[in-house]
Amino acid sequence: MSLLVVENACCRYRLHSHWLAGHKEVKAVEKVSLQIAEGERFALAGESGSGKSTLARAILLLEPLASGKILFDGADISALKGNAQKNYRRQVQMVFQDAYSSMNPRMQVGEILAEPVRSFALKENEARAKKRISSMLECCGLSAKVLARYPGELSGGECQRVALARALLPQPRLVVFDEATSSLDVTLQNQILGLLHQVRQQMNLTYLFITHNLAMLPHVADRVGIMQEGRLVEVLPAHQLTQGKHSYTQKLLAAAPVTHPKDRRALSK
């Protein structure tokens, strides 16, 4: 069963400039349709500006659709209001590329992690909330010592783990990872990807993984959608990426840096 269905989604931006007579409309996402099954790992890949993040923001109700629709568990998300919309936001969470910038630098980690518990009214007293937070930190490979720290006192890897813990605390059904490992070095990337694998198995997560790093796709996705200039040009199994028929897919593969023999083997399977 499809948890998320995107039907002919279009997003537009209006660029205003004194060099232009009025404004220019940019087609950021153009008639994109895709389905993500419950429990599936789906990835969107493509160059910067291809529309990947704009589509993700539309799924998260952070960007309006110009036309088309997005269904979550059969319901049109644009029609959700009040408590129904709030419940949707609880079920669909995001881990941003720059974890540090997504946190309030004046709040301690404990306060940052308490926010989703409080915001989504998870009906837990203070003792149970603290236990839930500590358990999630442990699940994400962090000790309770980080609760008293501020984001600026964390390493890049610790920041990303805190961001993941925050996204998982509301017990979402879908998590969107927008270039969530691109700011980390290769060692930390591998650690975070290993953590995602563990967490997904424990929580039966569905996720949408956005990246321009094709080498990691066979390790993080079941299927891959290739986006070019706002359009979804091809969808194929991640382990068959090198068999993609679209010329743009082949262009991306030819330009992809593969630095580890394991990545080269994974791409060629």
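The values are calculated or read from the model by the stated rules, or taken from the named source; none is laboratory data. All values reported here derive from a predicted model rather than from experimental measurement. Please note: Cβ atoms are built from the backbone with ideal geometry, for glycine as well, and neighbour counts cover all protein chains shown.
For segment 23-41, the candidate set comprises residues that are surrounded by 14 or more Cβ atoms within 10 Å (Cβ to Cβ) and of a type in the set (Lys, Arg); within that set, the residue that is nearest to Leu236 (Cα to Cα) is Arg41.
When restricted to residues that are without any contact (Cβ under 8 Å) to a residue 60 or more places away in the chain, within 13 Å of Met203 (Cα to Cα) and in contact with a Lys or Arg (Cβ under 9 Å, 6 or more places away or on another chain), segment 151-170 contains 1. Based on this model, can you work out whether Ala163 counts as at pLDDT below 75 and either within 15 Å of the chain's Cα centre (by Cα) or of a type in the set (A, V, I, L, M, F, W, C) (or both)? No: the conditions fail for Ala163.
Does segment 89-111 hold any residues that are at pLDDT 90 or above and out of contact with any strand residue (DSSP E or B) (no Cβ under 6 Å at 6 or more places or on another chain), and which are they? Scanning segment 89-111 gives Arg89, Arg90, Gln91, Met103, Asn104, Pro105, Arg106, Met107, Gln108, Val109, Gly110, Glu111. Of the residues making up segment 236-252, those that are β-branched (Val, Ile, Thr) and surrounded by 17 or more Cβ atoms within 10 Å (Cβ to Cβ) number 1.
Just one residue in the set Leu71, Leu62, Leu44, Leu55 is hydrophobic (A, V, I, L, M, F, W, C) and either more than 20 Å from the chain's Cα centre (by Cα) or surrounded by fewer than 14 Cβ atoms within 10 Å (Cβ to Cβ) (or both); that residue is Leu62. Looking only at residues in segment 211-235 that are under 25 Å from Asn190 (Cα atoms) and charged (D, E, K, R), which one is surrounded by the most Cβ atoms within 10 Å (Cβ to Cβ)? It comes out as Arg223.
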